[in-house]
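The values are calculated or read from the model by the stated rules, or taken from the named source; none is laboratory data. Every value quoted in this text rests on a predicted model; they were computed, and no experiment measured them. Neighbour counts are summed over all protein chains in view; Cβ atoms, including those assigned to glycine, are modelled from backbone coordinates with ideal geometry.
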């Protein structure tokens, strides 16, 4: 049973998500205001977080950074939109907003539950990539995050800082990406990612 906290401004949405998650076996705590959210986050331990960072008056990146410092890099986080933040969420180009982490529809309980389940079960997000020879390869969620940062021109050190991992792990991910894509180096990997629309 995963102890999960739901942070969202709307009491109605919080109740809906609480019922859906509790029905799936989660022990759920909810907070709809800054004071209660802060108290719960700093006084209790959680196995997962479902949140709209607006509750704490933060943007997504600041929220994630603070939560990672408090609970560690492996804590599953699903970020959700509300009607008031929907335009911002849909316009977001944040590398962390992968298919497993964000719900850019206003708190769809089924989508939240499915994404949370994937993170808790540690099921990697591996969408197939079609290569020029008709073959298909799969990049893990983390490899896609690294590739996305490579496309932005980030150094290994910058990637390590953004993903909360060490540089040696970044190097390993880059080697795996190059191996899977059949290229010799990061420059070729980035070029191929643009040609094949790999994101």
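On inspection, residue 153 fails the criterion of being touching a residue at least 40 places away in the same chain (Cβ under 8 Å) and either surrounded by fewer than 13 Cβ atoms within 10 Å (Cβ to Cβ) or under 16 Å from residue 140 (Cα atoms) (or both). Hey, could you check the range 169-199 for residues that are buried (at least 19 other Cβ atoms within 10 Å of the Cβ) and at pLDDT 90 or above and say which is nearest to residue 139 (Cα to Cα)? Top of the filtered list is 177. If the condition is being within 25 Å of residue 72 (Cα to Cα) and without any contact (Cβ under 8 Å) to a residue 24 or more places away in the chain, then the range 164-199 contributes 166, 167, 168, 169, 171, 172. In summary, strands (runs of 3 or more DSSP E) completely within the range 20-119 and bearing 1 or more residues that are modelled with pLDDT under 85, under 14 Å from the mean Cα position of the chain (by Cα) and crowded, with 18+ Cβ neighbours inside 10 Å occur at 77-81, 102-106. Scanning the range 134-148 for residues that are closer than 21 Å to residue 76 by Cβ and in a helix (DSSP H, G or I) yields 141, 142, 143, 144, 145, 146, 148.
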